[in-house]
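**Q** First the structure, which I've put down as structure tokens, then a few questions once you've had a look.
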Amino acid sequence: MTRVALVTGGTRGIGAAIASSLHGDGYRVAAVYARDDEAAERFREQSGVAVYKWDVGDFKQCQDGIARVEAEIGRVEILVNNAGITRDGTLHRMAAEQWQDVLDTNLGSCFNMCRCVIETMRAGKFGRIVNIGSINGQAGQYGQVNYAAAKSGIHGFTKALAQEGAKFGITVNAVAPGYVDTDMVRAVPENVLEKIIASIPVGRLGRAGDIARTVKFLIADDADFITGSTISVNGGHHMY
């Protein structure tokens, strides 16, 4: 049986690496995106992965989108919650919309997506959920109270849901990437990026494939004794 995997934020950066890697391993994969139609179509053509468009911060769109995926591909047994945005700014200048947009997309989407698949996972006595957190949810980051709060919330969400899902064969884990060589990180000013790289013990930015390999490890059928864990993939940048 070929398992069905759904990856949010799945057509660019880390999400694209995860989705295409799983597809290459024979999983039936749905990659969800929200905005960039051109990038999504390019990813679909290059990878062969099915793409779906909806706002993962909207519960009703998640319900409708997952229903479509399950009708066209099959019941979702593996969920990777990777979707994320930044709306940076120091708190004293942060608009309420900057706060809410990040919380809805980065953390609210975990509830929306998990809520829409958890019942079928429980009924099927199998599920793999991997939530993508962040080093900045572990250590904090200046100018990112919204992002850090959302990512930190993901780590707590993961531990709680892991306890609920364990007896149903559902594992729930998180991966906390450090600074990964994606468009989001490359947008950082060059002088700042140089300082970041200098502070990483292994001496380089992470690669999207580093995260994809960790996800593949956690979703394996025989990874059933690993749940409620957060695996840091950050080159030694933050250890605790």
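The values are calculated or read from the model by the stated rules, or taken from the named source; none is laboratory data. Only a predicted model underlies this, so the values are computations on that prediction, with no experimental measurement involved. Every residue, glycine among them, receives a Cβ derived from its backbone with ideal geometry; neighbour counts consider all protein chains shown.
**Q** For the stretch 127-149, name all the residues that are without any contact (Cβ under 8 Å) to a residue 60 or more places away in the chain and over 17 Å from the mean Cα position of the chain (by Cα).
**A** Correct list: GLY140, GLN141, TYR142, GLY143, GLN144, VAL145.
**Q** Can you tell me how many residues within the stretch 27-40 are surrounded by 13 or more Cβ atoms within 10 Å (Cβ to Cβ) and farther than 23 Å from VAL215 by Cα? Before the answer, list the steps.
**A** First, pick out the residues of the stretch 27-40 that are surrounded by 13 or more Cβ atoms within 10 Å (Cβ to Cβ): 27-34, 36, 39-40.
Going one step further and asking which of them are farther than 23 Å from VAL215 by Cα, we end up with 36.
The number of residues fulfilling the criteria is 1.
**Q** Hey, another quick one. For the condition in contact (Cβ under 8 Å) with a residue 24 or more places away in the chain, in contact with a His (Cβ under 7 Å, 6 or more places away or on another chain) and at negative phi, what is the one hit in ALA83, ALA174, ALA162?
**A** Details: ALA83 fails: in contact with a His (Cβ under 7 Å, 6 or more places away or on another chain); ALA162 fails: in contact with a His (Cβ under 7 Å, 6 or more places away or on another chain).
Answer to the check: ALA174.
**Q** Still on this structure: Being under 25 Å from ASP224 (Cα atoms), of a type in the set (A, V, I, L, M, F, W, C) and over 14 Å from the mean Cα position of the chain (by Cα): is that true of ALA160 here?
**A** In short, yes.
**Q** Now, a different point. Failed condition for PHE217, given (1) surrounded by fewer than 18 Cβ atoms within 10 Å (Cβ to Cβ); (2) in contact (Cβ under 8 Å) with a residue 12 or more places away in the chain; (3) within 16 Å of the chain's Cα centre (by Cα); (4) assigned to a helix (DSSP H, G or I), with all others met?
**A** (2)
**Q** List the strands (runs of 3 or more DSSP E) that sit entirely inside the stretch 28-145 and contain at least 3 residues that are under 26 Å from GLU164 (Cα atoms) and among the β-branched types (Val, Ile, Thr). Show your work before the answer.
**A** On the way: elements: 28-33, 50-53, 76-81, 127-132.
Of the strands (runs of 3 or more DSSP E) lying wholly inside the stretch 28-145, those with at least 3 residues that are under 26 Å from GLU164 (Cα atoms) and among the β-branched types (Val, Ile, Thr) span 76-81, 127-132.
**Q** So if I check each of ALA71, ALA5, ALA95, ALA19, which one is within 28 Å of GLU119 (Cα to Cα) and without any contact (Cβ under 8 Å) to a residue 12 or more places away in the chain?
**A** The match here is ALA71.
**Q** Let me ask something else. How about the stretch 17-38: which of its residues are at pLDDT 95 or above, closer than 25 Å to PHE59 by Cβ and in contact with a Ser or Thr (Cβ under 9 Å, 6 or more places away or on another chain)?
**A** Answer for the stretch 17-38, where residues must be at pLDDT 95 or above, closer than 25 Å to PHE59 by Cβ and in contact with a Ser or Thr (Cβ under 9 Å, 6 or more places away or on another chain): ALA19, ARG28, VAL29, ALA31, VAL32, TYR33, ALA34.
**Q** Return the total of residues in the stretch 146-178 being β-branched (Val, Ile, Thr) and part of a helix (DSSP H, G or I).
**A** 2
**Q** For VAL202, are the conditions met, namely being more than 19 Å from the chain's Cα centre (by Cα), farther than 19 Å from LYS151 by Cβ and modelled with pLDDT of 95 or more?
**A** yes
**Q** Quick check on the stretch 48-76: of everything there that is charged (D, E, K, R) and touching a strand residue (DSSP E or B) at 6+ places or on another chain (Cβ under 8 Å), which residue is surrounded by the most Cβ atoms within 10 Å (Cβ to Cβ)?
**A** Per the stated criteria, the residue is GLU70.
Per-residue answers, yes or no, for (1) of a type outside the set (A, V, I, L, M); (2) loosely packed, with under 14 Cβ neighbours inside 10 Å:
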position	(1), (2)
ALA150	no, no
THR158	yes, no
LEU161	no, no
ALA166	no, no
VAL172	no, no
TYR179	yes, no
VAL188	no, yes
GLU194	yes, yes
ILE200	no, no
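**Q** Output the number of the condition that GLN100 fails; it satisfies all remaining conditions of (1) over 17 Å from ASN131 (Cα atoms); (2) among the polar types (S, T, N, Q); (3) in contact with a Cys (Cβ under 8 Å, 6 or more places away or on another chain).
**A** Result: GLN100 passes all but (3).
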